[in-house]
Amino acid sequence: MKDVSFAVEAGQQYGKYGEEKAVITLRSLIRFIKENDHEFPIDWRDIKGRKNQRPEVQYLTPGDIETLRTTIDTDSPSGLRTRALFELLLHSGLRIGEAITLDIADIDYDKMEMHIVNCKNKVHQTVFLTDGAVAWLKKYLASRRDTEPCLFISGGGRRLLAVTARASLTKYEKMSGLKKHIHWHLLRKTFVTNLLFGGVDIKTTQHLARHTSEITTLRHYAAINHQEERLLLTNVMANV
């Protein structure tokens, strides 16, 4: 009964992590059955599967960022909106779901802050703004001729939807020629990685990323700078 080879085989057709996801799905099903007071001969915790090695964290290098900046067409209304979103997420670490719920009134230019609702726990939080993000926000807002309170709007004049925001960025993936999957959350990982590369300590980075645990910051968001690791090692060990 604990042989999960049938689940593994069924999951193989669904890509690199298909086997692992199939076993997780089987565990979830058995757990659901047990928690709803149905008889089942084994415990869901006895179901074990092979775990894949955790993939290396991806991020955008300075060269990648510059390539995307030059690829985004800021002469079009949607391109200008995408560029404003790009700079905001890159400089603040916001999730796309948090950015599209912002209203213009949530931005405080005097204090260089914005008031958001955290996507994860729905808590109201304050996030810092940078000059780079503000410059593009103001440029985008100055181009609009509507009276909508939303910070980001769709072509139809309504609040921008997440699916539209995703499509507006991913269309530049092929145009840029970058060999990376370009998505909004990649900017959040780039934000965290740049803080760590810049010498910001892990506790401050965790706080700026609004993570509840340092483990999340390090495991899922901190990338390795392979171009610099040899130099860093040499500099540190030179004094040992």
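Note on the chain: the C-alpha convex hull projects to 18.8 nm² when averaged across all orientations.
In segment 112-228 the Cα-Cα distances spread across 10 Å bins starting at 0 as 10, 32, 40, 16, 2 percent of all pairs. Remark: segment 102-240 carries 63 Å² of accessible area per residue (probe radius 1.4 Å; ligands, DNA and RNA excluded).
How many angstrom separate the Cα center of segment 104-156 from the Cα center of segment 35-49? Segment 104-156 and segment 35-49 have Cα centres separated by 47 Å. Computed over the alpha carbons of segment 1-112, Rg followed by Dmax gives 23.1, 64 Å.
Under 5 Å from the amide H of ILE153 lie the amide H atoms of LEU160, each residue being 5 or more positions distant or on a separate chain, with H modelled from the backbone and absent for Pro and chain starts.
With respect to the chain, whose longest principal axis is taken over its alpha-carbon atoms, helix 18-35 is tilted by about 70°.
For the pair ARG230 and ASN121, a Förster radius of 41 Å applied to the C-beta separation gives a FRET efficiency near 0.55, rounded to the nearest 0.05. Applying both filters, DSSP loop and at most 12 other Cβ atoms within 10 Å, to the GluC sites (Glu not before Pro) of segment 9-107 gives GLU39, GLU56.
The spread of Cα positions in segment 57-181, taken along each principal axis and listed from longest to shortest, comes to 37, 34, 26 Å. To the nearest ten degrees, helix 184-197 and the longest principal axis of the Cα atoms of the chain are 80 degrees apart.
Overall, the accessible surface of the chain at a probe of 1.4 angstrom is composed of carbon and sulfur to the extent of 54 percent. Seen from ASP73, the other residues with C-beta closer than 13 Å to its C-beta sum to a net charge of +3, counting Lys and Arg as +1 and Asp and Glu as -1.
Residues whose amide H comes within less than 5 Å of that of GLU113, counting only those at least five positions distant or on another chain, are ASP108, LEU129 (H built at 1.01 Å from N in the peptide plane).
The phi torsions of segment 73-80, fed into the Karplus equation with coefficients 6.51, -1.76 and 1.60 and a -60° offset, translate into couplings of 7, 7, 7, 9, x, 5, x, 5 Hz, rounded to whole numbers, with Gly and Pro shown as x.
Mean residue ellipticity at 222 nm, helices only, the chain: -15000 deg cm²/dmol; runs of at least 4 DSSP H residues each add -39,500 (n - 2.57), and the sum is divided by the number of residues.
The values are calculated or read from the model by the stated rules, or taken from the named source; none is laboratory data. Since we're looking at a predicted model, the values are computed, not measured. Neighbour counts are summed over all protein chains in view; Cβ atoms, including those assigned to glycine, are modelled from backbone coordinates with ideal geometry. Heavy atoms of the whole protein, side chains included, go into the accessibility calculation; ligands, DNA and RNA do not. Shrake-Rupley method; radii C 1.70, N 1.55, O 1.52, S 1.80 Å.
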